[in-house]
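Scroll down for the structure; my scribbles are underneath it.
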Amino acid sequence: MNHLLKLSDLTGEEILDILNLADQLKYEQHNGIPHPHLAGKTLGMIFTKSSTRTRVSFEVGMYQLGGQALFLSGNDIQLGRGEPIRDTARVLSRYLDGIMIRTFKQSDVEELAEYGSIPIINGLTDFCHPCQVLADLMTIREKKGSFKDLKLCFIGDGNNMANSLIAGCIRLGIQVAIGCPDDYRPDEGVMAEGFAAGLLTVTSDIFAAAKDADVIYTDVWASMGQEGEAAERQKVFANYQVNAELMAVAKPDAMVLHCLPAHRGEEITDEVLEAHADEIFEEAENRLHAQKAVMVRLMA
């Protein structure tokens with residue numbers, strides 16, 4: 001593993017290796033055991049999309065690993081404006097030990113990796129969100145004990161989260177059901193891989209998708225950059241809500257996950273979110289540990 005550009009680049013064994021290391025690093029951090037695997041290393045963090053969890057978790061993670069993180073906003077550097085991405089990649093590779101980028105186009109992340117000579121970590125694009133799904137998988141295994149015989153149901157827009165959940169889950173043998181409007185399905189290539197593995201169902205019937213699910217997952221209806229579509233999406237997704245009625249068809253011990261921030265009363269009710277707050281905020285914490293494991297594997 002040279003980069004983390006998308007989960008479909010990894011094998012199931014590589015994902016498990018990251019999760020196992022994340023578990024170890026979480027134990028060490030909770031018990032005050034130092035783990036300075038990246039002492040003297042610097043991570044550049046490029047943000048053309050703003051963030052709470054991504055910035056804080058990567059910055060704190062580098063500090064806990066003995067290194068340092070450098071915040072680079074889209075306004076601070078020439079990336080894609082006055083300077084080609086390939087030139088930025090070549091320059092930053094001579095200063096840094098790794099780059100995390102949170103941006104819009106997946107092609108920007110791929111170009112950084114092609115022309116740079118240091119590890120590139122995808123902190124989010126419009127196509128996928130691999131770091132979030134590693135944290136999700138970590139949380140699922142913590143709560144369920146293993147991935148054996150599990151079904152995950154995602155309700156909402158077939159967006160970057162749906163794409164990465166499909167890619168990650170099918171590599172670990174988890175059944176995935178996507179409940180989304182027909183015009184908002186996940187990426188065709190991602191779905192083709194899921195169908196070929198015999199582990200994916202995509203339907204506009206959210207109750208069929210959620211039936212007997214072990215994990216119910218949702219995300220906001222309008223992601224960053226889609227603010228102009230918000231009113232239309234409110235109408236389209238009005239019936240795609242995780243609520244008590246939907247939870248009633250899932251397994252009695254089903255857990256609920258949300259990548260946050262949540263719009264309570266839209267994609268998830270306040271009642272369901274609060275009932276599953278321990279799981280959702282453990283999931284948010286696990287961004288820190290999963291990303292530390294990625295950085296150690298790529299940069300140590």
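If you check 51, 73, 57, which single one turns out to be touching a helix residue (DSSP H, G or I) at 6+ places or on another chain (Cβ under 6 Å), among the polar types (S, T, N, Q) and within 28 Å of residue 226 (Cα to Cα)? Give the derivation first.
Values: 51 fails: touching a helix residue (DSSP H, G or I) at 6+ places or on another chain (Cβ under 6 Å); 73 fails: touching a helix residue (DSSP H, G or I) at 6+ places or on another chain (Cβ under 6 Å).
From the options 51, 73, 57, the qualifying one is 57.
Mind checking whether some residue in the range 72-91 is under 22 Å from residue 40 (Cα atoms) and in a loop (DSSP other than H, G, I, E, B)? Can you show your working first?
Step one: list which residues in the range 72-91 are under 22 Å from residue 40 (Cα atoms), which gives 72, 89-91.
After this cut, where a residue has to be in a loop (DSSP other than H, G, I, E, B) as well, the list is none.
No, because not a single residue in the range 72-91 is under 22 Å from residue 40 (Cα atoms) and in a loop (DSSP other than H, G, I, E, B).
Within the range 1-43, the residues that satisfy the criterion of being of a type in the set (D, E, K, R) and surrounded by fewer than 19 Cβ atoms within 10 Å (Cβ to Cβ) are 9, 13, 14, 17, 23, 28.
Once the range 44-64 is narrowed to residues that are of a type in the set (Val, Ile, Thr) and surrounded by 21 or more Cβ atoms within 10 Å (Cβ to Cβ), the residue that is farthest from residue 92 (Cα to Cα) is 54. Which one of 8, 93, 57 is closer than 17 Å to residue 288 by Cα and modelled with pLDDT of 95 or more? So the residue among 8, 93, 57 that is closer than 17 Å to residue 288 by Cα and modelled with pLDDT of 95 or more is 57. So for the range 210-231 (the condition being touching a Cys at 6+ places or on another chain (Cβ under 6 Å) and outside the structural domain of residue 153 (by TED's automatic domain parsing)), does at least one residue qualify? No; the residues of the range 210-231 include none that is touching a Cys at 6+ places or on another chain (Cβ under 6 Å) and outside the structural domain of residue 153 (by TED's automatic domain parsing).
Only residues that are crowded, with 18+ Cβ neighbours inside 10 Å, outside any helix (DSSP H, G or I) and not aliphatic (A, V, I, L, M) were counted across the range 105-164, and they come to 16.
Within the range 31-44, not a single residue is at pLDDT 95 or above and assigned to a helix (DSSP H, G or I). When we screen 270, 253 for residues that are farther than 27 Å from residue 147 by Cβ and either at pLDDT below 95 or not hydrophobic (A, V, I, L, M, F, W, C) (or both), the only hit is 270.
On the stretch given as the range 247-281, residues that are surrounded by 17 or more Cβ atoms within 10 Å (Cβ to Cβ) and among the acidic types (Asp, Glu) total 3. Among residues of the range 132-149 that are free of Cβ contacts under 8 Å to residues at least 60 places away in the same chain, those with a Cβ under 7 angstrom from a residue that is in a loop (DSSP other than H, G, I, E, B), sequence gap 6+ or separate chain, pair up as 147/172; 147/173; 147/174. Cβ-Cβ distances below 7 Å connect the following pairs, each with a first residue in the range 210-221 that is within 8 Å of residue 257 (Cβ to Cβ) and at pLDDT 95 or above, a second residue that is in a loop (DSSP other than H, G, I, E, B) and aliphatic (A, V, I, L, M), and a separation of six or more residues or different chains: 215/150; 215/254; 216/250; 216/254.
The values are calculated or read from the model by the stated rules, or taken from the named source; none is laboratory data. Just so it is clear, the model here is predicted, and its values are computed rather than measured. Heads up, the Cβs are rebuilt from the backbone with ideal geometry, glycines too, and the neighbour counts pull from every protein chain shown.
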